[in-house]
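Notes to accompany the following structure.
The values are calculated or read from the model by the stated rules, or taken from the named source; none is laboratory data. It should be emphasised that the depicted structure is a prediction, and the values quoted were computed from it without experimental measurement. Every residue, glycine among them, receives a Cβ derived from its backbone with ideal geometry; neighbour counts consider all protein chains shown. For accessibility, only protein heavy atoms count, side chains too; no ligands or nucleic acids. Shrake-Rupley method; radii C 1.70, N 1.55, O 1.52, S 1.80 Å.
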Amino acid sequence: MEKVGENVVKFFIQEFGNVYFNIQKYSTTISEEHRFIYYFDAEGRFMGGFFDGVSYRRGLDNRLMKKFFDSDKFKVKVFVDKDEKVKVIEDVLQRVEKIKKALSNFESVDEDLLLRLDDILKWNYENLERDGFKFFSIYKPVSILPPDQYLSLVLQPAEGCSWNKCTFCSFYQDRKFRIKSPDEFREHIKKVKEFFGRAIGLRKSIFLGDANALIIPQKRLIELIKIIHEEFPISQSKDDFDYVFDGIYSFLDIFGAERKSIAEYIELKNLQVKRIYIGLETGDPELFKYLNKPGSPDECVEVVETIKNAGINVGIIVLAGAGGKSFYEKHIKNTVETILKMPLSDGDIVYISPLVLDEAKEYVKIMDEIGSQILNKFELREQINEIKNGLKNLITRGVKITLYDIQEFIY
Ligand SMILES: C[S@@+](CC[C@H](N)C(=O)[O-])C[C@H]1O[C@@H](n2cnc3c(N)ncnc32)[C@H](O)[C@@H]1O
Ligand code: SF4
């Protein structure tokens, strides 16, 4: 055995070569010669890995996403079928089992490492599948999160989208919008804590589900956020907890955002709400109507001003490809101009989300009616680059401009 990093040890095992164990407080990563890498949460659940150029990520609902590059070097992401999922999970567990056996030939193996391996081996395919069902007894599906929040702890004080009528969005069509009572929310948090167990410490922040939790009337919202503060350490440590979440985050649609005053946003800031994500989608007023978003691009600018004046950061989401060929230039020009009117600064993010047509049935119908052709993947890439280019001065102000790929999301 050789210690090769603060929490990393290396063993040479005949069958596998150099095997590295990275034992973090809330996760374990095993790497065979850096070619096969697989990782687990602190409870031992398989979370994903890299297998010779193909990467897998397992969601808490036990779906498994596979990512690789196609011949044009575009990233492909697919959910694998059950047979492949069983095969991947069983293969990983067999590897861990063999590695554990091989470790019995070494003299000084850390007890903590052996305990981690025991925990991992408890999670066979059936147990992970059962865990996925349990997840759905606590959560409505977590349909999407902003990419910087993939590692958040989602809590659902509200379910669904209060609008649910944007022509390109089908994230929440499987559920009615509703707001939980304080008692129901406490019960939800209790179950969430039980579900995550020790692995909760791997989560970095709290994300309020679902689509626009900040539309919850202020009095109830404050009540619900105060419950979160009672139950978790947010931004500062708390007795009996060995982790701290860095803040609270949420989506908001433009319509809902109109309704809160600056004083109400300041109240949220004081309760550690750190960033609010708003789907602008386009700065072009005509295209905006076809998307059937509530509000308008100008109202979005006003809302961002209010939120920023309250001292809260924003994440602005833009829909690349929206409007197809007929709107190609107008979408770029008006979106860039609209975003440049916003007082964005350090800590704000502009996300560019390439339009996924499978999820946008109503939108496709409308584009057919107006005779606008969809962009191919090369045109889409070009449009993304042009929007990024138009916004590049924001980078010097500390604003991040990055991709938001809804097909890559798994919770
Ligand atoms: C939960 S939604 C937005 C949050 C908030 N409800 C709003 O409308 O501002 C997250 C983002 O996903 C993106 N999205 C939704 N449907 C999409 C699709 N079919 N293709 C690509 N992105 C999509 C949109 O950019 C949207 O702003
Ligand atoms: S984009 Fe936002 S407001 Fe529109 S339907 Fe989707 S979640 Fe609701």
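Values for this structure:
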read-out	value
Those residues of region 289-330 which are in a helix (DSSP H, G or I), farther than 23 Å from E267 by Cβ and touching a Leu at 6+ places or on another chain (Cβ under 6 Å), in sequence order	F327
Hits in region 121-144 (condition: over 30 Å from I278 (Cα atoms) and not in a helix (DSSP H, G or I))	W123, N124
Residue pairs meeting the criteria (Cβ under 6 Å; at least 6 apart or on separate chains; first open to solvent by 40 Å² or more (accessible area, probe 1.4 Å), in region 126-142; second in a loop (DSSP other than H, G, I, E, B) and not small (G, A, S))	E129/N62; K140/R175
Yes/no for D118 being over 30 Å from D358 (Cα atoms) and either assigned to a loop (DSSP other than H, G, I, E, B) or open to solvent by 20 Å² or more (accessible area, probe 1.4 Å) (or both)	yes
Residue in region 87-97 that is touching a Phe, Trp or Tyr at 6+ places or on another chain (Cβ under 8 Å) and polar (S, T, N, Q) present	no
Residues located in region 199-217, provided they are modelled with pLDDT of 95 or more and either away from ligand 2 (no atom under 16 Å from the Cβ) or hydroxyl-bearing (S, T, Y) (or both)	A199, I200, G201, L202, R203, K204, S205, I206
Top-ranked residue of region 81-99 - restricted to ones that are touching a helix residue (DSSP H, G or I) at 6+ places or on another chain (Cβ under 7 Å) and open to solvent by less than 40 Å² (accessible area, probe 1.4 Å), ranked as nearest to K122 (Cα to Cα)	L93
First in region 227-255 and within 15 Å of L271 (Cα to Cα) and within 16 Å of ligand 2 (Cβ to nearest atom), second anywhere and assigned to a loop (DSSP other than H, G, I, E, B) and not β-branched (V, I, T), Cβ under 8 Å, 6 or more apart	Y249/P146; Y249/S152; Y249/S205; S250/N212
Only listed residue being under 20 Å from K226 (Cα atoms), within 14 Å of ligand 1 (Cβ to nearest atom) and assigned by TED's automatic domain parsing to the domain that holds Y363, chosen from L208, L153	L208
